[in-house]
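Q: For reference, the structure I am asking about is given below.
The values are calculated or read from the model by the stated rules, or taken from the named source; none is laboratory data. Computed from a predicted model, the values in this text were never measured in an experiment. Note: ideal-geometry Cβ built from the backbone for every residue, glycine included; neighbour counts use all protein chains shown.
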Amino acid sequence: MKPPRFHYHDPETVPEVVGLLKTLPNARMLAGGQSLMPMLNMRLVLPDHLIDLNRVEGLSYIRERDGVLEVGAMARQREIEFAASVRERCPLMHEAILQVGHRQTRNRGTLGGSLCQLDPSAELVSVAAALDATVAVAGPKGTREIPFSEFPKTYMTPAIAADELVTGVRFPLWGKPHGWAFVEFARRHGDFAIVSAAALLEEDGAGKIKRASVTLGGVGPAPVRVKELEKALIGETVSEKRLRDACEVCRKIEAMQDVHAPSSYRQHLATVLSRRALEKAHARIGGGRG
Amino acid sequence: MAESRNIAVTVNGKRHEQRVEVRLTLADFLRQQLGLTGTHLGCEHGVCGACTVLLDGQSARSCLMLAVQANEHEIATVEGLAPSPDTLHPLQEAFRDNHGLQCGFCTPGILMTLVEFLRDHPDPTEDEVRVAISGNLCRCTGYQGIVAAALDAAKRMRKGG
């Protein structure tokens, strides 16, 4: 028997989950299980109670409303991959999700699970940062919304209380036409990225950048929005040299180091990948599917 | 006393009612409680893909699910592929003919992955096949035979077996 002993709960409503979280000590929530189950199998976590969210109703929606993509916490990555609304209106997320794990893990993995696991190189975490998403959270006092910039508390730790759960995420959509790109460097397809870059660009009628979003994953403890780079691009006409110069700021970002790569290599990847993402995004402005 | 529950699971079309410990993984349930040892366990943390089964028709790692979560769901394992004891599934035929396996450890997971993939993509390109099996590790074949087998199987299945 691999996982440690725990008590198992499979509530069917959000209030039931909140009630359990409020009363049960040392409880963990189980969403798609693609991160928590390995940790249980290896006994890296030892919860006394496991609250399975897979039978909770009303958390699996994917819908577009008033220029906002709303996705339920238990929407599977696979459902996001194949949702026409995501493909059409949020191509950044579509491109990112194809790089999340593999078919077998996307069939089970969920949006809420990815965001709460909050791996610094997870694609959906970067997408949430890139789009200035808002996370809806339910707790004993009702619901509240957290801007994604305040969602990561620290490394792999979301800013939600022990008796709260994420119920859904709102992604404000960019107007059309806009350019987008999600690029990453991983040792093998489907592996966690060492560094990833998400870029969004919008131009004015004169071909100058009027809005930019650049997000780096795998560099800091949480996704890094490169505000300095975003600001530098506003009002610019994009050229290869201009992007190459502008992206040099990424070389100065304080980058983490671990067994996979030293910080200098992450800074190098951040500089190269942010340029590639911006080039790709720029080429797609105007509706090209690239 | 460890917590346990009664579950009812349909595996390869047959309904099983069993009592399981709540911490039992689906993979261990299939292998140890139902005796269906065709589903292999390599890494047990979701990396190797050997334990891939179909859950309601979709491929999933059975080491990353609890047996209790399969309650009232349908599971398909490699044992259910062949239509009869002396006839192989066209995908299995293609693996045999194209040297798609050597030791065979990874094969059940790859077959179940490809069953879903070829159902959804009956006429795939080589690149699409390579992406489809990217979540399955094989240490013998170098993948060439597996890719060839998948493409050959797609052709056979389009012709109707």
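Q: Here are A:P47, A:P38, A:P15: which of them is under 29 Å from B:R5 (Cα atoms), outside the structural domain of A:T157 (by TED's automatic domain parsing) and in contact with an Asp or Glu (Cβ under 9 Å, 6 or more places away or on another chain)?
A: Details: A:P47 fails: in contact with an Asp or Glu (Cβ under 9 Å, 6 or more places away or on another chain); A:P15 fails: in contact with an Asp or Glu (Cβ under 9 Å, 6 or more places away or on another chain).
Unique residue meeting the criteria: A:P38.
Q: Among the residues of segment A:102-114, write down those that are in a loop (DSSP other than H, G, I, E, B) and facing chain B (nearest Cβ under 7 Å).
A: Selection gives A:H102, A:N107, A:R108.
Q: Something else: Do you know which residues across segment B:1-20 are more than 7 Å from every other protein chain (Cβ to nearest Cβ) and either free of Cβ contacts under 8 Å to residues at least 60 places away in the same chain or touching a Ser or Thr at 6+ places or on another chain (Cβ under 7 Å) (or both)?
A: B:M1, B:S4, B:N6, B:V11, B:N12, B:K14, B:R15, B:H16, B:E17, B:Q18, B:R19, B:V20 - these are the residues of segment B:1-20 that are more than 7 Å from every other protein chain (Cβ to nearest Cβ) and either free of Cβ contacts under 8 Å to residues at least 60 places away in the same chain or touching a Ser or Thr at 6+ places or on another chain (Cβ under 7 Å) (or both).
Q: Restricting the search to segment B:45-64, which residues are touching a residue at least 40 places away in the same chain (Cβ under 8 Å), surrounded by 23 or more Cβ atoms within 10 Å (Cβ to Cβ) and outside any strand (DSSP E or B)?
A: Those that are touching a residue at least 40 places away in the same chain (Cβ under 8 Å), surrounded by 23 or more Cβ atoms within 10 Å (Cβ to Cβ) and outside any strand (DSSP E or B): B:G49, B:A50, B:C51.
Q: Being under 17 Å from A:L118 (Cα atoms) and of a type in the set (D, E, K, R) is the filter here; which residues of segment A:20-64 pass it?
A: Narrowing segment A:20-64 to residues under 17 Å from A:L118 (Cα atoms): A:28-39, A:44-45.
If the condition is that a residue be under 17 Å from A:L118 (Cα atoms) and of a type in the set (D, E, K, R), then A:R28 is the only one that fits.
Q: Additional query: Select from segment A:66-94 the residues that are among the acidic types (D, E) and within 14 Å of chain B (Cβ to nearest Cβ) and list them in ascending order.
A: Just the residues of segment A:66-94 that are among the acidic types (D, E), to begin with: A:66, A:70, A:79, A:81, A:88.
Those that are among the acidic types (D, E) and within 14 Å of chain B (Cβ to nearest Cβ): A:E79, A:E81.
Q: Go through segment B:4-32 and report how many residues are assigned to a strand (DSSP E or B), within 19 Å of the chain's Cα centre (by Cα) and of a type in the set (G, A, S). Lay out the reasoning, then the answer.
A: Of segment B:4-32, the ones assigned to a strand (DSSP E or B) are B:4-11, B:14-21, B:25.
Checking the rest, the ones that are also within 19 Å of the chain's Cα centre (by Cα) come to B:9-11, B:14-16, B:25.
Checking which are of a type in the set (G, A, S) leaves us with none.
Adding up the residues that qualify gives 0.
Q: Another one. Can you tell me which residue is surrounded by the fewest Cβ atoms within 10 Å (Cβ to Cβ) among those in segment A:1-42 that are free of Cβ contacts under 8 Å to residues at least 40 places away in the same chain and closer than 22 Å to B:S59 by Cα?
A: For segment A:1-42, the residue satisfying everything is A:M39.
Q: Now for a separate question. Select from segment A:75-85 the residues that are under 15 Å from A:F171 (Cα atoms) and more than 14 Å from the chain's Cα centre (by Cα) and list them in ascending order.
A: A:A83, A:S85
Q: Return the residues of segment A:25-59 that are more than 14 Å from chain B (Cβ to nearest Cβ) and under 20 Å from the mean Cα position of the chain (by Cα); say none if nothing qualifies.
A: Of everything in segment A:25-59, just one residue is more than 14 Å from chain B (Cβ to nearest Cβ) and under 20 Å from the mean Cα position of the chain (by Cα), namely A:L59.
Q: Pairs only if they're at least six apart or on different chains, beta carbon under 9 angstrom, first in segment B:100-113 and over 17 Å from B:R31 (Cα atoms) and in contact (Cβ under 8 Å) with a residue 24 or more places away in the chain, second among the charged types (D, E, K, R) and not in a loop (DSSP other than H, G, I, E, B); list them, first residue then second.
A: So the pair list comes out as B:G100/B:D152; B:T113/A:R103.
Q: For a quick check of your reading of the model, give me the residue pairs whose first member lies in segment A:143-162 and is in the same structural domain as A:L111 (by TED's automatic domain parsing), whose second is exposed (fewer than 12 other Cβ atoms within 10 Å of the Cβ), with beta-carbon atoms closer than 8 Å and at least 6 apart or on different chains.
A: Here the result reads A:A159/A:E150, each pair linking segment A:143-162 to a residue that is exposed (fewer than 12 other Cβ atoms within 10 Å of the Cβ).
Q: Now a separate question. Kindly establish whether A:K280 is part of a helix (DSSP H, G or I) and in contact with a strand residue (DSSP E or B) (Cβ under 6 Å, 6 or more places away or on another chain). Break it down stepwise before answering.
A: Numbers: part of a helix (DSSP H, G or I): yes; in contact with a strand residue (DSSP E or B) (Cβ under 6 Å, 6 or more places away or on another chain): yes.
Yes.
Q: Could you run through segment B:1-44 and say how many residues are of a type in the set (A, V, I, L, M), surrounded by fewer than 19 Cβ atoms within 10 Å (Cβ to Cβ) and in contact with a His (Cβ under 8 Å, 6 or more places away or on another chain)?
A: Adding up the residues that qualify gives 1.
Q: Any idea which of B:L81, B:L101, B:L66 is of a type outside the set (D, E) and in contact with a His (Cβ under 7 Å, 6 or more places away or on another chain)? Spell out how you get there, then give the answer.
A: Numbers: B:L101 fails: in contact with a His (Cβ under 7 Å, 6 or more places away or on another chain); B:L66 fails: in contact with a His (Cβ under 7 Å, 6 or more places away or on another chain).
When all the criteria are applied, what remains is B:L81.
Q: If you don't mind, another one. How about segment B:47-65: which of its residues are facing chain A (nearest Cβ under 9 Å) and closer than 11 Å to B:L137 by Cα?
A: Residues satisfying the conditions are B:V47, B:G49.
Q: Give the residue, chosen from B:L36, B:L26, that is in contact (Cβ under 8 Å) with a residue 12 or more places away in the chain, under 26 Å from B:S134 (Cα atoms) and away from chain A (no Cβ under 11 Å). It would help to see each step written out before you state the result.
A: Values: B:L26 fails: away from chain A (no Cβ under 11 Å).
Criteria check complete, one pass: B:L36.
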